[in-house]
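Report on the following structure.
The values are calculated or read from the model by the stated rules, or taken from the named source; none is laboratory data. Every value quoted in this text rests on a predicted model; they were computed, and no experiment measured them. Note that we place each Cβ from the backbone using ideal geometry, even for glycine, and neighbour counts take in every protein chain shown. SASA here: full protein model, heavy atoms, side chains in, ligands and nucleic acids out. Shrake-Rupley method; radii C 1.70, N 1.55, O 1.52, S 1.80 Å.
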Amino acid sequence: MNASSDTVAPSYTQEADFEQVINTKISLFWQEREQGYIKSKDKKQLFWVKMTAKHHTRAIFVVNGRIESCWKYQELFYDLFQQGYDIYSFDHRGQGLSERLIEDKEMGYVDEFDDYVNDMAQMVEHFQLERYQDSYLLAHSMGGTIATRYLQTRSSTPFSAISLSAPMFGVSMPWYFRPVALPLSQIMSALYSQPTYAPGYQAYYPKPFEINPLSQSKARYSWFRDLYEQMPELKIGGPSTHWVWQGLMAAKQCIQLSRQIKIPLLLLQASNEAIVSNEAQSRFIKKLAKTNPNCAMKVISGSKHEVLFEKDVYRNSAIQSTLDFFCQHHK
């Protein structure tokens, strides 16, 4: 059940060169992207991007997390593209450059978590990934919940394997909150006629680097916060009570229905996690291993939540483990 790969690939962007590379090679690469919008089944505008090369025979579909956007992942897209993969991604409804759903554009909100899953299914169809020799899924945090539910609810998909980066199979909270979190969020959601921020959350607020729970890479973290200042339309703050209720229900279903996942799966766990529940991830992988022999967990020791946006030592390991796993599992 353990994936063993600590190889460091120097071909990935490194922090020492980050500022230079993000403003030159990555910037040029990003300018070459194709982008557009599709309408969801319920008529919401969903933003997508793709970066392709004629000679590539493999693709990676990246599913980002809550508050994120394709724009944030330029470095990752570039590094994966250099390894020979076409890249596809999109912004979830209610965030990034996709259509916002409520009046308060900075509140995290979704009517039903299944809306995210259906949007993803529609995007997969739109991108026509069947034409590749192999296509793979790479999903982070809330994106991990969405991708897992997608795999659990679709009888066939074009994907050969999936890598989950710090997936949200539960939320990090004190032990005494765990039994009441789901029913409480449901009750609070029902109490208010308008969406309200979940207790302890507020509109977008860039946490100073020194106290941020996401990454120990100052270069990457500062760039991401600067990007959101340059493009305020990307900003998303805390989740609504309704989102918390929907998110916790979906996370629970991921674990309950683990047997529905048939493709090879790698879970990347951040040891210094403060956002999602590592205990829930371990429960998920232990349960999955009973029905799926091709699953593994790789603990990125020392990493905070954003393993793909971390210091080089953690990020290199996360990317290399993912690509090694993908190479082991092809059609």
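Annotations for the structure displayed:
- Taken over region 274-331, the convex hull of the Cα atoms encloses 91 Å³ per residue.
- Checking the Cα-Cα distances for LYS50/LYS218; LYS44/LYS105; LYS286/LYS311; LYS44/LYS262 against a 26 Å cut-off, the pairs over it are LYS50/LYS218; LYS286/LYS311; LYS44/LYS262.
- DSSP beta bridges confined to the chain are antiparallel in about 30 percent of cases.
- GNM top mover of LEU182, LEU267, LEU151 - the chain, alpha-carbon springs below 10 Å: LEU182
- Alpha-carbon gyration tensor eigenvalues x 5, square-rooted, for region 1-146, Å: 26, 18, 16
- Identified option (computed Cα extents along the principal axes in Å; candidates (1) 54, 47, 40; (2) 65, 48, 43; (3) 62, 44, 41): (1)
- Around GLY108: net Lys/Arg minus Asp/Glu count, Cβ-Cβ under 12 Å: +2
- Whether region 144-249 is rounded, prolate or oblate, judged on the alpha carbon gyration tensor where a/c under 1.5 counts as rounded: oblate
- Charging the Cβ of each Asp and Glu at -1 and of each Lys and Arg at +1, and nothing else, the dipole of the chain about its Cα centre rounds to 960 debye.
- Share of Cα-Cα pairs in region 194-331 lying beyond 22 Å, as whole percent: 52
- Peptides 79-88, 162-171 ordered by packing proxy, namely the average of other Cβ atoms within 10 Å per residue, highest first: 162-171, 79-88.
- Rounded if a/c under 1.5, otherwise prolate or oblate - region 250-290, Cα gyration tensor axes: prolate
- Dipole magnitude of region 204-331, debye to nearest 20 (Cβ charges: Lys/Arg +1, Asp/Glu -1, about Cα centre): 620
- Packing, as the average of other Cβ atoms within 10 Å across residues, places the peptides 30-38, 42-50 in the order 42-50, 30-38, highest first.
- Cα lying deepest toward the dipole's positive end in region 200-331, options ALA289, GLY302, LEU267, charges on Cβ: ALA289
- Working note: 222 nm ellipticity from helices only, DSSP H runs with n ≥ 4, each -39,500 (n - 2.57), summed and divided by the residues of the chain, gives -11500 deg cm²/dmol to the nearest 500.
- For the residues LYS252, LYS290, LYS39, a GNM of the chain with alpha-carbon springs under 10 Å puts the largest fluctuation on LYS290.
- At a probe radius of 1.4 angstrom, the accessible area of region 1-118 per residue rounds to 46 square angstrom.
- Listed residues TYR197, THR241, SER172: farthest to the positive end of the dipole of region 155-254 (Cβ charges): SER172
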